[in-house]
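Data first, discussion second: the structure below is written as structure tokens.
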Amino acid sequence: MTKPFRWSLAKHEQLGSWPDTQDSSLNEAFLTDLREASARVLSFSGDARLAFIGRTPENLFDYLSGAFAEVSNAPKVHLVQYSLRWAGTGGVEALPQHKVDALFDYFREEGIAPETIASSRQRTALVDFVAYGGTMQTFVGLLKRQAAQDGTDWNSVQRKLMIVGLTTRGKNSPNHWRWQQHQDWLRDIPDAVIKNVSVPWGFIIPLANDAPKVTHSFHPGRWGEETGQRRYTPTEDQLKGLSIALKLFNLGNSKPERRTLAREIADTDGMREASVRKLVLNLKR
């Protein structure tokens, strides 16, 4: 399977004048929320590899890709194009074999296949907006199916997993609804670390719903298509998303912004961890 296409923001020559044609100004309130969410994701995940799942966390991926572009020993970031909130009554086991084989090839190429996760020195943190856990359930279920298919010990995989869920901010009380308390499938990953980053409703809901996206939804109907790397003209929505993505990449890649992000991380409890302190120092350099 050809890897799903996405323009490289680090290679501006690929983009031509496309991003310049869009009005994609970013207000300070949005940037403040994005920076805070990114800092808390990094604080919780330590030195884990970051796998941003689907299209909702695209902005975090682009911003951090810029921030880490010139930082030594920065966490590895992946954008995993994946869209499947519900797999149907048969679950992921009922998905056609030729479709999942194509998806598994993509996982291998992206570096998030079960064998890679299990053999890595670091954990792999799956980062996404989590409302009810459907996407995480199908994603983990497919990792488990791939592990069984490839002969990879699932216990070794699940021990290296972390879920960092972006959740809407609510009351901090024992009665507050927490998604992980209502998921039977989590018994498949008993040793995985689960963290939640609460963010404002007005920040995350637009990202999950109607914010312009750079990528097309990569649902099972597209798994196995052969047009992944072929260059094509973006839609109007993609042009807007591409312009925003480039602005966020360039912002993150500026020295003042890296230092601002470092200060934001330094204000979190994650500074107790040596890996987080090291990242803060590297961002400040």
* To do: Would you be able to say whether some residue in the range 228-240 is surrounded by fewer than 16 Cβ atoms within 10 Å (Cβ to Cβ), farther than 30 Å from residue 98 by Cβ and of a type outside the set (Phe, Trp, Tyr)?
  => yes
* To do: With a cut-off of at least 2 residues that are open to solvent by less than 20 Å² (accessible area, probe 1.4 Å), over 20 Å from residue 221 (Cβ atoms) and not small (Gly, Ala, Ser), name the helices (runs of 4 or more DSSP H) lying wholly within the range 35-131.
  => 58-68, 114-119
* Report, by residue number, each residue of the range 156-178 that is at pLDDT 90 or above and open to solvent by less than 70 Å² (accessible area, probe 1.4 Å). => 156, 157, 158, 160, 161, 162, 163, 164, 165, 166, 167, 168
* Answer yes or no as to whether residue 224 is at positive phi and small (Gly, Ala, Ser). => yes
* Asked: Quick one: is residue 215 among the polar types (S, T, N, Q) and under 18 Å from residue 50 (Cβ atoms)?
  -> yes
* Residue satisfying all of: in the range 188-226; open to solvent by less than 60 Å² (accessible area, probe 1.4 Å) and over 28 Å from residue 33 (Cα atoms); modelled with the lowest pLDDT among these -> 225
* For the subset of the range 1-21 comprising residues that are modelled with pLDDT of 75 or more and under 14 Å from residue 233 (Cα atoms), which member is most open to solvent (accessible area, probe 1.4 Å)? -> 6
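The values are calculated or read from the model by the stated rules, or taken from the named source; none is laboratory data. All figures in this text were calculated on a predicted structure; none of them were measured in a lab. Every residue, glycine as well, gets a Cβ built from its backbone with ideal geometry; the counts of neighbours run over all protein chains shown. Areas reflect the complete protein model, heavy atoms only, side chains present, ligands, DNA and RNA absent. Shrake-Rupley method; radii C 1.70, N 1.55, O 1.52, S 1.80 Å.
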